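Undergrad: Right, I'll just put the structure down here and ask away after.
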Amino acid sequence: MRDAVIVQAVRTPVGKRNGGLSEIQPTDLSAHVLTALAERSGIDPAVVEDVIWGCVSQVGEQTGDIARSAVLGAGWPESVPGVTVDRQCGSSQQAVSFAAASVLAGHYDVVVAGGVESMSRVPMGTSSAGKWPFGTGFGARYPGIIPNQGIGAEMIADRWGLSRTQLDEFSLGSHAKAAAAQDGGRFDAEIAPITNPSGVKVEADEGVRRGSTLEALGALKTVFRPENGTITAGNSSQISDGAAGLLITTSEKAAELGLTPIVRIHTAVVTGDDPVIMLTGPIPATALALKRSGLSIGDIGAFEVNEAFAPVPLAWLAETGADPARLNPNGGAIALGHPLGGSGARIMTTLVHHMRATGTRYGLQTMCEGGGQANATILELV
């Protein structure tokens, strides 16, 4: 019986907006990851049958099928194709799902999945350029609604009774965990340092803040509801640059190529949910993944729930009953950043390395996505 296994996972550091990675074109960030995947696994890139790459704002420097451009930019053979996918923030997690499904079906034996976003160079909103992208049918179905993830986060905080203090406390915890992971060298194995055109070598995630306090976070202004809101820059994910990728094959092919599987892609699902509140999809996605897998929430040793905004993982915790100590053990997007199209692969790369380092048998990753969607993936340690 065929399976789908991850044999290598690598990422760039995550750069702050206008930080160390902002000088690097997103195609070159992607090519850097592909090069590192080949070097660290020892594979001949010619055996890769496709590169499936997530990217959200596919305009400007991120247009023209950035996956294919990255393959050529990495110096890989012209025979290696590439395709770019968009499922909003979950684009590169979806890329992994597509890759795994294709491997399981026998369409591919070796495939790379990942993604990129340079939010410094291609800012949010560029893709629609002020145009209404939802069509007349959406407008008729949801009259008067202009979808906004920040407002959705405020709605979640209201619905689950989450206070500003709870959100800020969660955010402090994300930075503390990320700082501890950096100090303990827990990201070293997954990061491929990169030197920008100015000659600066970027080796670590730039967004981690040390020494912040609840008082400092409490002084930040709310963004989406100035009068009575809870969402601030301090309890939201950071605007970021970065790329990540994973090498996926079968156990049989891995043995043939001399590769060692790290995890098996056990279960992968995607769901739709309310597109107005938008960010609650991880709750039904988790329930569906557990049902399909035959596992319980208690079987999962580590959870990665993307910290788009602090209410998202907090509402997820409340609904799933998961152990908070197992959630985002190395911090999340509030501390590490959220390079949209690359985040799913970044999170999975971190989860894969965490599972291997700690001997965690099962890990679950889920992300909220634009339009009220969510992917959920369960990995099993090999």
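Undergrad: Kindly provide the set of residues from the stretch 241-277 that are of a type in the set (S, T, N, Q) and over 15 Å from VAL103 (Cα atoms), ordered by number.
TA: Of everything in the stretch 241-277, those that are of a type in the set (S, T, N, Q) and over 15 Å from VAL103 (Cα atoms) turn out to be THR260, THR271.
Undergrad: Can you pull out the residues in the stretch 130-160 that are buried (at least 18 other Cβ atoms within 10 Å of the Cβ) and among the polar types (S, T, N, Q)?
TA: GLN149
Undergrad: If you don't mind, another one. Can you tell me which condition GLU61 does not meet? The list is (1) part of a loop (DSSP other than H, G, I, E, B); (2) of a type in the set (D, E, K, R); (3) touching a residue at least 60 places away in the same chain (Cβ under 8 Å), and all the others hold.
TA: Evaluating GLU61 over (1) part of a loop (DSSP other than H, G, I, E, B); (2) of a type in the set (D, E, K, R); (3) touching a residue at least 60 places away in the same chain (Cβ under 8 Å) leaves (1) as the failure.
Yes/no per residue for (1) over 18 Å from the mean Cα position of the chain (by Cα); (2) over 30 Å from ALA105 (Cβ atoms); (3) free of Cβ contacts under 8 Å to residues at least 12 places away in the same chain:
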position	(1), (2), (3)
ILE248	no, no, no
ILE262	yes, no, no
THR271	no, no, no
ILE283	no, no, no
GLY294	yes, no, yes
VAL305	no, no, no
PRO313	no, yes, no
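Undergrad: Additional query: Go through the stretch 249-280 residue by residue and tally those that are in a loop (DSSP other than H, G, I, E, B) and either within 20 Å of LEU351 (Cα to Cα) or of a type in the set (Phe, Trp, Tyr) (or both).
TA: Total meeting the criteria: 5.
Undergrad: State whether one or more residues within the stretch 185-203 are modelled with pLDDT under 95, farther than 16 Å from GLY337 by Cβ and more than 26 Å from the chain's Cα centre (by Cα).
TA: no
Undergrad: Pairs under 6 Å by beta carbon, first residue within 14 Å of ASN235 (Cβ to Cβ) in the stretch 143-154, partner among the small types (Gly, Ala, Ser) and at pLDDT 95 or above, six or more apart or different chains?
TA: Filtered contacts from the stretch 143-154: GLU154/GLY229.
Undergrad: Return the only residue of GLY20, GLY114, GLY90 being more than 26 Å from PRO261 (Cβ to Cβ), in contact with a strand residue (DSSP E or B) (Cβ under 7 Å, 6 or more places away or on another chain) and of a type in the set (Gly, Ala, Ser).
TA: Exactly one residue qualifies, and that residue is GLY20.
Undergrad: Please work out which residue is surrounded by the most Cβ atoms within 10 Å (Cβ to Cβ), limiting yourself to the stretch 281-299 and to residues that are of a type in the set (Gly, Ala, Ser) and not in a helix (DSSP H, G or I).
TA: GLY281
Undergrad: Also, quick follow-up: Of everything in the stretch 3-48, what is over 21 Å from ALA357 (Cα atoms) and part of a strand (DSSP E or B)? Give them in sequence order.
TA: Within the stretch 3-48, GLY15, LYS16 meet the criteria.
Undergrad: Does at least one position in the stretch 190-209 carry a residue that is of a type outside the set (Asp, Glu), in a helix (DSSP H, G or I), touching a Lys or Arg at 6+ places or on another chain (Cβ under 8 Å) and surrounded by 14 or more Cβ atoms within 10 Å (Cβ to Cβ)?
TA: No, because not a single residue in the stretch 190-209 is of a type outside the set (Asp, Glu), in a helix (DSSP H, G or I), touching a Lys or Arg at 6+ places or on another chain (Cβ under 8 Å) and surrounded by 14 or more Cβ atoms within 10 Å (Cβ to Cβ).
Undergrad: Do any residues in the stretch 316-335 that are at pLDDT 95 or above have Cβ atoms under 7 Å from those of residues that are small (Gly, Ala, Ser) and part of a loop (DSSP other than H, G, I, E, B), where the two are at least six apart or on different chains, and which pairs are they?
TA: Listed pairs, sorted by first residue: ARG326/GLY301; ALA333/SER237; ALA333/ALA308; ILE334/SER237; ILE334/ALA310; ALA335/GLY207.
Undergrad: A follow-up question, please. I'd like the full set of residues that are surrounded by fewer than 20 Cβ atoms within 10 Å (Cβ to Cβ) and closer than 9 Å to VAL208 by Cα, limited to the stretch 172-181.
TA: Matches in the stretch 172-181: ALA176, ALA179.
Undergrad: Counting just the residues of the stretch 350-373 that are polar (S, T, N, Q) and touching a Gly at 6+ places or on another chain (Cβ under 7 Å), which one comes out farthest from PHE134 (Cα to Cα)?
TA: THR360
Undergrad: Hey, among SER69, SER79, which residue is of a type in the set (Gly, Ala, Ser), outside any helix (DSSP H, G or I), more than 18 Å from ALA9 (Cα to Cα) and at pLDDT 95 or above?
TA: It is SER79.
Undergrad: Would you be able to say whether some residue in the stretch 320-342 is among the charged types (D, E, K, R) and surrounded by 24 or more Cβ atoms within 10 Å (Cβ to Cβ)?
TA: no
Undergrad: Out of everything in the stretch 300-322 that is assigned to a helix (DSSP H, G or I) and not small (Gly, Ala, Ser), what residue ends up being farthest from VAL223 (Cα to Cα)?
TA: Step by step, filter the stretch 300-322, then rank; the result is THR320.
The values are calculated or read from the model by the stated rules, or taken from the named source; none is laboratory data. Treat the numbers as computed from the prediction; the structure is a model and nothing was measured. Please note: Cβ atoms are built from the backbone with ideal geometry, for glycine as well, and neighbour counts cover all protein chains shown.
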